[in-house]
Amino acid sequence: MRGIWCEYMVAEALGTECKTVGFGWNAWDLQIGESGADLPDRIRIQVKNNARMQVWNAGTKRLSDATFSLPWRRRPDYFERYTPGVPCEAEGFLCDVFILCHHPETDGTSADQRDPSQWEFYILPVRGPNCAVTESEIASMRAHLAKGKARASTIRRPETLQHGIRGRPKIEPIRIDQLSIRRIRKSLGLEVR
């Protein structure tokens, strides 16, 4: 349920212009703008989440690594059937930006994943001038799909996001009260409305 919680937490923070569209099998989770539009009039958001403390590790108190897998995939065969006329590339991240929700709390007595103030958020644009994915990563994922694989991915960790390794831009975490459509538009290099 944490994934659904994170989608709704982000949608609530972004306000009424943000729609939850990820019900069932849509290619992205949230959307700003109308379905028939394209960037910059429509921004597609994929929400990912990770937490240091996992339910399945409660007994051992073992902490999980904080990693996010960013999938590069083909547009699903059913996409046109269920969303006719909605623009979507044939392959790629199938979004314009990822919002990575990270719950870094490690104290079992105070950690509460239901508390939005305990989360950190990273905005990763995958299009535009501030793209957080390198051309070599994209080429590698494309080659993986060309070999007949259904999907490929690249991994991000909070500490490497903050350092901007391997030619990627540095991305600092923000809090729930800093998450806004304005900030997302700015991350994509779009005119801020």
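The values are calculated or read from the model by the stated rules, or taken from the named source; none is laboratory data. This is a predicted model, so every value here is computed, not measured. Every residue, glycine among them, receives a Cβ derived from its backbone with ideal geometry; neighbour counts consider all protein chains shown.
Looking only at residues that are hydrophobic (A, V, I, L, M, F, W, C) and in contact with a strand residue (DSSP E or B) (Cβ under 7 Å, 6 or more places away or on another chain) in the stretch 155-175, which one is surrounded by the fewest Cβ atoms within 10 Å (Cβ to Cβ)?
ILE155
Exactly one residue among GLY108, GLY22 is assigned to a loop (DSSP other than H, G, I, E, B), crowded, with 17+ Cβ neighbours inside 10 Å, at pLDDT below 95 and of a type outside the set (S, T, N, Q), and that residue is GLY22.
Scanning the stretch 132-160 for residues that are part of a loop (DSSP other than H, G, I, E, B) and either touching a residue at least 60 places away in the same chain (Cβ under 8 Å) or under 24 Å from ASN50 (Cβ atoms) (or both) yields ALA132, VAL133, THR134, LYS149, ALA150, ARG157.
Any residue at all in the stretch 80-99 that is surrounded by fewer than 16 Cβ atoms within 10 Å (Cβ to Cβ) and in contact (Cβ under 8 Å) with a residue 60 or more places away in the chain? Looking through the stretch 80-99, none of the residues is surrounded by fewer than 16 Cβ atoms within 10 Å (Cβ to Cβ) and in contact (Cβ under 8 Å) with a residue 60 or more places away in the chain.
I'm trying to understand the selection: among the residues of the stretch 88-105, which are charged (D, E, K, R) and not in a strand (DSSP E or B)? Those that are charged (D, E, K, R) and not in a strand (DSSP E or B): GLU89, ASP96, GLU105.
Restrict the check to the stretch 45-52 and report whether at least one residue is out of contact with any Asp or Glu (no Cβ under 6 Å at 6 or more places or on another chain), of a type in the set (S, T, N, Q) and at pLDDT 90 or above. For the stretch 45-52, residues out of contact with any Asp or Glu (no Cβ under 6 Å at 6 or more places or on another chain), of a type in the set (S, T, N, Q) and at pLDDT 90 or above: present. In the set SER136, SER140, only one residue is over 20 Å from VAL47 (Cβ atoms), surrounded by 13 or more Cβ atoms within 10 Å (Cβ to Cβ), more than 14 Å from the chain's Cα centre (by Cα) and not acidic (Asp, Glu); that residue is SER140.
For every residue, the table says whether it meets (1) in contact with a Lys or Arg (Cβ under 9 Å, 6 or more places away or on another chain); (2) modelled with pLDDT of 95 or more; (3) assigned to a helix (DSSP H, G or I).
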{"site": "ALA66", "(1), (2), (3)": "yes, no, no"}
{"site": "PRO84", "(1), (2), (3)": "no, no, no"}
{"site": "GLN113", "(1), (2), (3)": "yes, no, no"}
{"site": "LEU124", "(1), (2), (3)": "yes, yes, no"}
{"site": "ASN130", "(1), (2), (3)": "yes, no, no"}
